[in-house]
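The values are calculated or read from the model by the stated rules, or taken from the named source; none is laboratory data. All figures in this text were calculated on a predicted structure; none of them were measured in a lab. Here the Cβ positions follow ideal geometry from the backbone for every residue, glycine too, while neighbour counts run over all protein chains shown. With ligands, DNA and RNA removed, areas are computed over all heavy atoms of the protein, side chains included. Shrake-Rupley method; radii C 1.70, N 1.55, O 1.52, S 1.80 Å.
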Amino acid sequence: MRDLDEIAGAAEALSGQVGQQVEDERIDLLRAALTIARTQYPQLDIDSYIYRVDAIARRVAARIRDIGDIAQTIYALNTVLFKEEQLCGNRENYYDPRNSFLTDVLDHRLGIPITLALIYMEVARRIGFPLFGVGMPGHFLLKHYDVEGRQVLIDAFNSGHILSARDCRQRLQEIYDGQLTFQPEFLMSVSRRQMLTRILNNLKTIYLSTRNFRKALPIVDLILVIYPRSPEDVKQRALLRYSLGQMRGAIEDLDDYLKMSPEASDADEIRQTALSIRRGQAMLN
């Protein structure tokens with residue numbers, strides 16, 4: 001029960017960090033991502049990990065004479081993060097949920113594109129080198145704009161290699177075997193909320209694929225903290241609650257889904273499901 005209460009506390013904490021009252025550019029991305037890890041490690045000492053990232057940033061800064069020199073700055077970041085810290089992409093166990101928890105990525109030095117990119121981005125921010133997340137399908141990237149407005153694309157999953165748009169097109173071809181056509185908008189910047197949601201969606205997909213509904217539910221709770229008016233996620237939570245025997249919560253979510261999407265193609269089916277649950281509950285009383 002204590003862990004369940006502390007996991008619920010993660011949702012409350014995240015709400016204060018990314019709620020609608022917080023402007024996106026003011027979101028503390030590192031703290032919010034570490035808060036996600038509290039769903040796995042309820043008693044996590046978040047500040048200790050923030051201190052570690054601060055210390056890494058100081059080591060990077062000590063290597064840079066001119067922050068305006070992009071090549072020098074990226075070289076310093078890559079040296080500290082990938083040679084000294086030995087962070088790398090987890091190719092052997094790509095779908096291990098630990099790759100999505102920043103605590104595990106920092107402890108075990110293995111991650112997926114978005115978590116490695118987030119650490120890279122937060123270290124860079126601390127030294128005054130602004131980076132933006134790039135939500136390319138299947139492979140999250142980073143980009144920096146030079147003084148002339150040209151973009152420099154960085155692949156944190158592959159040791160901070162600099163990519164061209166052509167490289168990205170080739171990478172997409174490899175990932176999707178030609179089934180997805182490259183579009184210029186794939187290289188557009190994404191918001192902090194979108195980055196956090198992508199991490200959460202990765203976790204949700206992993207847990208659902210293994211039918212671990214108990215772990216999937218708090219992840220969907222966090223997605224709804226970020227986007228409380230997402231009908232599909234409200235419906236997803238309803239189904240998870242139903243699967244876990246949380247009938248009252250399931251009914252509430254099904255009702256909310258119908259209010260949000262009264263004309264949805266599955267609206268009649270959802271109404272029947274809610275009615276069936278209500279009848280079942282009435283028989284128990």
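Consider region 16-30 and keep the residues that are in contact with a helix residue (DSSP H, G or I) (Cβ under 6 Å, 6 or more places away or on another chain) and in a helix (DSSP H, G or I). The one that is surrounded by the fewest Cβ atoms within 10 Å (Cβ to Cβ) is 24.
Can you confirm whether region 69-76 contains a residue that is under 18 Å from the mean Cα position of the chain (by Cα) and not aliphatic (A, V, I, L, M)? No, because not a single residue in region 69-76 is under 18 Å from the mean Cα position of the chain (by Cα) and not aliphatic (A, V, I, L, M). Of the numbered criteria (1) open to solvent by 60 Å² or more (accessible area, probe 1.4 Å); (2) over 17 Å from residue 14 (Cα atoms), the one residue 229 fails is (2). Region 184-285 holds helices (runs of 4 or more DSSP H) entirely within its bounds, and those carrying 3 or more residues that are of a type in the set (S, T, N, Q), out of contact with any Cys (no Cβ under 7 Å at 6 or more places or on another chain) and within 22 Å of residue 117 (Cα to Cα) map to 192-209.
Taking into account only those residues within region 214-226 that are buried (at least 16 other Cβ atoms within 10 Å of the Cβ) and not aliphatic (A, V, I, L, M), which is farthest from residue 102 (Cα to Cα)? Per the criteria, the residue is 221.
What pairs come out if I take residues in region 11-26 that are closer than 17 Å to residue 199 by Cα and pair them with residues that are in a helix (DSSP H, G or I) and acidic (Asp, Glu) whose C-beta lies under 7 Å away, six or more apart or interchain? Going by the 7 Å Cβ cut-off, the qualifying pairs are 11/221. Put simply, of 73, 79 the only residue that is modelled with pLDDT of 95 or more, farther than 28 Å from residue 201 by Cα and touching a Phe, Trp or Tyr at 6+ places or on another chain (Cβ under 6 Å) is 73. Only one of the listed residues (35, 39) is in contact with a Phe, Trp or Tyr (Cβ under 9 Å, 6 or more places away or on another chain) and buried (at least 19 other Cβ atoms within 10 Å of the Cβ). That residue is 39.
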